[in-house]
Structure formats: structure tokens, C-alpha cells
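The values are calculated or read from the model by the stated rules, or taken from the named source; none is laboratory data. Please read all numbers here as calculations on a predicted model, not as lab measurements. Counting neighbours? That spans all protein chains shown, and the Cβs are built from the backbone with ideal geometry, glycine included.
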Amino acid sequence: MDIKIINTYYIKMINEYSLLSLAGKITFPEVVKKLSEIGTERYIIDLVGLKKLYYGSNDHTYIGPFDFDAPKVAQKFNAEEIKKAITDSQQNKINYQTFLHRAIAAGCTHYEVFITGKKAIYFGRDGSQHIELFPSTK
């Protein structure tokens, strides 16, 4: 398999945005904007394996650790609770780490953000999912 590794600047920026987001210093819309500006099409956050995977518009990929002290993911997926956590995050009622804890408690094993498709999909252990369009596309 031929994986194209991206340049060190791209990796540095991805890691910086991840840290800033986890520290509550930038919001999800800001992360999406910054990632788009450096050519990211989509990314996956694995809440079980604690990995982050980024895919660039030129087919470059980056896989790195997701430095988050995650509890065990709940067995049952609860799309309604995922939606509530998303809404609270969008209204700046909670920070990213609180959002992650609530998503994990609601059974989210991973989520994928489609920057060019303007949506995020949250997945459970059994393939259950919740699709959330970016606010400007609703």
C-alpha cells in the first residue's frame, strides 16, 4: 500500500490545532477553517484507539496519537445524547473535552468530519450513526 506522508509543516499544524482544541482555545468552526486552509478534506477521531487520521486533498495522509484521557466508550449508542452534546457545543455551553466525554458516554466510538462535505458522522460500536450537517448547511 502506497501511503503518501505529508510534510512536517502540515503535521505540526494538525497537532497544534488538536492541542488548541483540547485546551479550549479554539472552537470546532475555527479548527475546520484552519484545517481547510492547509488542504485537509476530512479527518477521523478514534475515541477507542485514541488516534487521529487526517486526509489531504492531494491524497496525503497523517495518522497520529489523540492525546485525550478517554473513559471506556458506552456499549449502546444514543444518537439523541450525541445531538444534545453537539448542540451544547455549538452554543458554546461546553468545551471540546466535555463534548468528548458526553459523546463517549453516549456510545460514540469514533467520528469523521468531512470538511468539503460540510458534515460530521458519529459512529457507535454496531455501526449506528448520527449525521450532523455543519450549521451553515442546515
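When only residues in the stretch 21-50 that are of a type in the set (A, V, I, L, M, F, W, C) and more than 17 Å from residue 90 (Cα to Cα) count, which is modelled with the lowest pLDDT? Looking at the filtered set, the residue picked out is 38. Among the residues making up the stretch 73-92, those that are in contact with a helix residue (DSSP H, G or I) (Cβ under 8 Å, 6 or more places away or on another chain) and not acidic (Asp, Glu) are 73, 74, 82, 84, 85, 86, 89, 90.
The residues of the stretch 104-133 that are closer than 23 Å to residue 58 by Cβ and out of contact with any Asp or Glu (no Cβ under 7 Å at 6 or more places or on another chain), listed by number, are 112, 113, 114, 117, 118. Looking at 126, 67, just one residue is touching a residue at least 40 places away in the same chain (Cβ under 8 Å), of a type in the set (Asp, Glu) and more than 28 Å from residue 11 (Cβ to Cβ), and that residue is 126.
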